[in-house]
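Take a look at the structure set out below.
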Amino acid sequence: MVDRQVELLTRQGCPMCAAAATQLAQLAGELGFVLAVTDVDVAAAAGDTALRAEFGDRLPVVLLDGTEHSYWEVDETRLRADLVR
């Protein structure tokens, strides 16, 4: 079985991002996916400005296996369905 990668794009001080991170951490334990959290501002300060340029105005963003899955909130129903495919 291949581990599925869920990445949360976030930034410091974003309450919606914090809520999404908590929700995804719980789901990762239940559904067995790998969760990565990336702060787009930290990434930009380190030289990778692409994520902030593309997604910075609609955080949080959930990526599933590198592809945008949802933004502003976790679409849990859709995520569950997509993880079993």
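Data table
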| quantity | calculated |
| --- | --- |
| Relative contact order %, the chain, counting alpha carbon pairs below 8 Å whose residues are six or more apart | 37 |
| Amide H within-cut-off set for residue 39, under 5 Å, with H built and near neighbours excluded | 10 |
| MRE, 222 nm, helices only [DSSP H, n ≥ 4, -39500 (n - 2.57), over the chain, to nearest 500] | -12500 deg cm²/dmol |
| Accessible heavy-atom area order of 35, 24, highest first, probe of 1.4 Å | 35, 24 |
| Matching label, Cα extents along the principal axes in Å computed from the structure shown, candidates (1) 42, 31, 18; (2) 45, 21, 14; (3) 35, 25, 17 | (3) |
| Amide N proximity, region 2-38 versus residue 72 label position 7 Å along Cα-to-Cβ, cut-off under 18 Å | 9-11, 14-21 |
| Backbone HN-Hα couplings from phi across region 59-66 [Karplus 6.51/-1.76/1.60, Hz, Gly and Pro as x] | 6, x, 10, 9, 10, 10, 6, x |
| Acute angle (nearest 10 degrees) that the helix 15-31 long axis makes with the longest principal axis of the chain, alpha-carbon atoms | 30 |
| Total charge dipole magnitude, the chain, about the Cα centre, Cβ charges on Lys, Arg, Asp, Glu only, Debye to nearest 20 | 100 |
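The values are calculated or read from the model by the stated rules, or taken from the named source; none is laboratory data. Computed from a predicted model, the values in this text were never measured in an experiment. Positions of Cβ are backbone-derived with ideal geometry, glycine not excepted, and every protein chain shown enters the neighbour counts. Note: areas computed on protein heavy atoms with side chains; ligands, DNA, RNA excluded. Shrake-Rupley method; radii C 1.70, N 1.55, O 1.52, S 1.80 Å.
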